[in-house]
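Right, one structure below, let's go through it.
The values are calculated or read from the model by the stated rules, or taken from the named source; none is laboratory data. This structure is a prediction, so every number in the text was calculated from the model and none was measured. When we count neighbours, we look across all protein chains shown, and the Cβ atoms used for this are built from the backbone with ideal geometry, even at glycine.
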Amino acid sequence: TVEKKKHKSSTESPSFVLVCGQNICGQLGLSTNIIERRKPQYLKIVNNFNIDENIQSIYAGGMHSCALTITGHVYTWGCNDDGALGRITDDIDDEYMPGLFVLPEEIKSICAGDTFTVALAKSGRAYISGCFRSSEGILGLFEYKQIVQKPIMIQLNQTIKQIACGADFCLLLTENGSILCLKAKNEFQPNSNEFSFPVFFSYIREQSIDVKST
């Protein structure tokens, strides 16, 4: 469980993260010798100057977590076996502690699935790291069995307004009201032995319904 806390008396007061639950894969962001926390505990997230970051939103994936700061930076921690943290980790201590999900522009929202993380920039571009999995194992991201350890941009000729993630898929709401889904192809073909890279498809046709971002 990951929770954001904000002081009630001021909208400009620092926001921080409280965590509780299991930490067996580092998803709480606490040290490797802490297996679980039954009560919420403060999670220290600092920048390169060792200054506490002010957190505006958080998201929990399958075995990893991520936080977005008010300055548009993203921090990740937890299991990095499949590249979900979006950064190279040297050892397990690296994975257990919050680290920067390095991106070339300011981010406005984040989401995560079981083994991947997605970040949406203010420009309308989205970035992703990690991979998709199924019961058969690693499917890949944009290539078969591909694990993306550093964020790459999702190539789409439309401006993205919102993102949302399930365990093994990502939804993208575009500025023209279309909803696109990024998901492993073979998940839609349960009787097929073919494994292929994820594909985009439109859930909703523009002509029939217009979905507006709130």
Going through region 14-60 in order, the residues found to be of a type in the set (Ser, Thr, Tyr) and outside any loop (DSSP other than H, G, I, E, B) are 15, 42, 57, 59
Search result, residues across region 174-196 that are modelled with pLDDT of 70 or more, assigned to a loop (DSSP other than H, G, I, E, B) and not small (Gly, Ala, Ser):
175, 176
Please determine whether any residue of region 76-97 is in contact (Cβ under 8 Å) with a residue 60 or more places away in the chain, small (Gly, Ala, Ser) and either touching a strand residue (DSSP E or B) at 6+ places or on another chain (Cβ under 6 Å) or under 14 Å from residue 18 (Cα atoms) (or both).
yes
With the condition kept exactly as written, say whether any residue in region 125-147 is touching a residue at least 12 places away in the same chain (Cβ under 8 Å) and closer than 25 Å to residue 51 by Cα.
no
Within region 106-173, considering only strands (runs of 3 or more DSSP E) that don't extend past its boundaries, which have at least 2 residues that are modelled with pLDDT under 90 and closer than 12 Å to residue 84 by Cβ?
132-134
Criterion (touching a helix residue (DSSP H, G or I) at 6+ places or on another chain (Cβ under 8 Å), surrounded by fewer than 23 Cβ atoms within 10 Å (Cβ to Cβ) and of a type in the set (S, T, N, Q)) met by exactly one of 57, 31:
31
Can you go through 82, 168 and tell me which one is closer than 29 Å to residue 32 by Cβ, under 13 Å from the mean Cα position of the chain (by Cα), crowded, with 22+ Cβ neighbours inside 10 Å and among the charged types (D, E, K, R)?
82
